[in-house]
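Down below is the structure, laid out as structure tokens.
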Amino acid sequence: MDEEKNILIVDDDPAMLRTLSDILGANGFTTIGAANGREAIDSIKNRVPTVALIDLNLGDMYGTDVIKKIKGHWPNTEFIVLTGHASQASAIDAVNLGAHSYFQKPHDMEQLLISIRKAFEKHEHLKALEEGKNKYHELIETSDDPIFKNDLEGNLLFVNEAFKKVHGYSEDELTDTTFYDLIHPDDLLYVKNSFKKAIKGESVKNVEYRCRTKCGLYVDISINASPIISTKGDVIGVMGIGRDITERRMAEEDIKRAYEELKKVDKMKGDFAAMATHEIGTPLTIIKTNIEMLEDGMFGEIPEDQLKRLKVIKKNADHLVKLNREMMDISRIDAGKLRLRKEYSPVSDIIRDASKDLETFAENKKIEIIFDISDENYRLNCDGDRIRQVVRNLVKNAIKFTAEGGKIEVGFEDMGDCILVRVFDNGIGIPKEEHENIFKRFYELGSSQGEENEGTGLGLAIVKGIVEAHGGEVWIESAPGEGSIFYFTIPV
Ligand code: ADP
């Protein structure tokens, strides 16, 4: 039945009943009049009174009994009691029954109106509160996440539908069960300790454990727990909201397994690359030596056109030798097996020697290499051969990617805790978005980057590997058309 906003007036004095009805009607209220207790009780069968104004001295019944009857039917009705002097005690009884207020006859009408309005307001508040409470309960009951309340001993005080579903038990089956009975023995201590923290007032998050279901299987759950605090301020239990994380756990296990597999495959790949490069090395050396012997005429005069062919074969054999050597370096770097033979070496020599190998290459392109060496005697504890390889790779790229007549500058600076080596060129430059990529293995920019790049795409990956094996860093400043500066540091 829909509730309407009305006032039930119960008074056995017809004149008073009429007066009250008229005044309240004139003030915008809908009234229902009842001349005695019986009439009042009959009237509420069809209409819910929002507020009931009750004279306690009714002819047929005690007003308090009428209040009890109405309350039994409509617990949300607000009562205002009207009483003669003789029934003060009953008025107090009525207030104890939950009556909103009482007035002694003859009453002040203004005050009564104020009290009626307040009773309506209280009714609205309580209704809103109850609706909120119902929504909250509905939310908890229909939540997909298991929610429960325990007392301090772990006895379950409340469980929602999702909790029952996850565990496979009915509410009755859970009445004699403590929360701790549902936990895998190996996780019990951890959960109990977490709950102890919750009891102390800490909010405890992501407590992951295995809970036992009715069929004996275990489900992975993660819960957040918080203390339940009584109106007196004491902690009387723990409330938890959980989440079934079985699927997440399974996915994690899958990822872990896949990762282990990948690691195995990666190791096999590394082992294979190391073995293959080693195996290729020997026949390649034999091929190269034989080509050189043929070229040198050790097996007789070679006609000019065949010599040309031999040169092509030799060039490609050289490329293969270089690729093989770089592949070997990369597999050593990957396996963490790049052995560094460290000794104090003069950095100026390393830089000059590395560039010397490339002098002809630079001269052919009319490129000038300038050295900017502040301290000729500076010695660095490093693997000199490997750092020379780093500088050579950087200078070679600088020459390769700089137009004829360009300029290259190589230098270093003592930074106190490290040395900073710099290779500058005024070549074609590299777009910002490629700065990280160029250090990846086999990464080469499009064909626009130098028309005759016969590289392997491994040079900078090796540079990075060697520098990092020394504990240093490598980076670049460059923009298309503005040249490039490659920097690397080596800690002292
Ligand atoms: P590669 O053997 O192909 O030169 P690297 O690893 O040494 O391989 O270099 C990767 C790519 O980075 C090159 O192909 C080139 O596109 C770019 N690069 C490297 N150094 C320079 C430079 N100094 N100027 C312009 N581009 C460069």
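Taking the longest Cα principal axis of the chain as reference, the axis of helix 304-334 is set at about 40 degrees. Charge dipole of region 286-386 (Cα centre as origin; +1 on each Lys and Arg Cβ, -1 on each Asp and Glu Cβ, all else neutral): 500 debye, rounded to the nearest 20.
When the helices in the chain are scored as -39500 (n - 2.57) per DSSP H run of 4 or longer and the sum is shared across all residues, what 222 nm value do you end up with, to the nearest 500 deg cm²/dmol? Working shown, then result.
Working: 14 runs with 225 residues, N = 492.
Estimated from H runs of four or more residues: -15000 deg cm²/dmol.
Relative to the first principal axis of the alpha-carbon coordinates of the chain, what is the inclination of helix 459-469, with its axis defined by its Cα atoms, in degrees from 0 to 90 and to the nearest 10? The two axes meet at around 70 degrees. Taking the number of Cβ atoms within 10 Å of each Cβ as an exposure proxy, the fewest-first ranking of Trp475, Trp74 is Trp475, Trp74. Please work out whether region 85-132 counts as rounded, prolate or oblate from its C-alpha gyration tensor, where a ≥ b ≥ c are the square roots of the eigenvalues and a/c under 1.5 means rounded, while otherwise a/b larger than b/c means prolate and anything else oblate? Judged from the Cα gyration tensor, region 85-132 comes out oblate (a/c at least 1.5, b/c at or above a/b).
Quick one: grab the alpha carbon gyration tensor of region 209-349, order the square roots of its eigenvalues as a ≥ b ≥ c, and give me rounded if a/c is under 1.5, else prolate or oblate depending on whether a/b is larger than b/c. It comes out prolate by the Cα gyration axes. Computed extension length for Glu131-Lys68: 20.3 nm, one decimal, from 0.36 nm per residue of separation with the Cα-Cα distance subtracted.
Taking other Cβ atoms within 10 Å as a rough exposure proxy, Leu338, Leu460 sort from fewest to most as Leu338, Leu460. In region 1-151, one over the average inverse separation of all distinct C-alpha pairs is 16.5 Å, which is the Kirkwood hydrodynamic radius.
On C-alpha positions alone, give me the angle between the axis of helix 246-295 and the longest principal axis of the chain, in degrees, nearest 10. For helix 246-295, the angle is close to 10 degrees. For the chain, DSSP calls about 70 percent of its internal beta bridges antiparallel.
The lysines whose alpha-carbon is closer than 27 Å to the alpha-carbon of Lys5, local same-chain residues fewer than 8 away aside, are Lys45, Lys68, Lys69, Lys71, Lys105, Lys118, Lys122, Lys127, Lys133, Lys135.
Between region 453-489 and region 281-352, the C-alpha centres lie 22 angstrom from each other.
For region 76-180, the fraction of C-alpha pairs more than 15 angstrom apart is 73%.
What area, in nm² and to one decimal, does the C-alpha convex hull of the chain cast on average over all directions? Can you show the working numbers first?
Details: hull surface 182.1 nm².
For the chain, the mean projected area of the Cα convex hull comes to 45.5 nm².
Here the ratio of the Cα radius of gyration of region 140-238 to 2.2 N^0.38 Å is 1.03. Taking a ≥ b ≥ c as the square roots of the eigenvalues of the alpha-carbon gyration tensor, region 338-397 is classed oblate because a/c is 1.5 or more while a/b is no larger than b/c. Sorted ascending by nearby beta carbons within 10 Å, beginning with the fewest, Cys211, Cys382 become Cys211, Cys382.
In units of the compact-protein estimate 2.2 N^0.38 Å, region 307-373 shows a Cα radius of gyration of 1.55. Only the Cβ atoms of Lys and Arg (+1) and of Asp and Glu (-1) were treated as charged; on that basis the dipole of region 15-161 about its Cα centre amounts to roughly 640 debye. Per-residue packing, averaged as other Cβ atoms within 10 Å, sorts the ranges 77-83, 350-356, 308-314, 319-325 into the order 77-83, 350-356, 319-325, 308-314, beginning with the highest. Sequentially through region 364-375, phi angles give Karplus couplings (6.51, -1.76, 1.60; θ = phi - 60°) of 4, 9, 6, 9, 9, 9, 9, 9, 10, 10, 7, 10 Hz, Gly and Pro residues having no value and appearing as x.
Every number here is computed from the coordinates shown, using simple stated rules; none is lab data. Note that the structure is predicted; figures quoted are calculated from it, not measured. Reconstructed Cβ throughout: ideal geometry from the backbone, glycine too, with neighbour counts over all protein chains shown.
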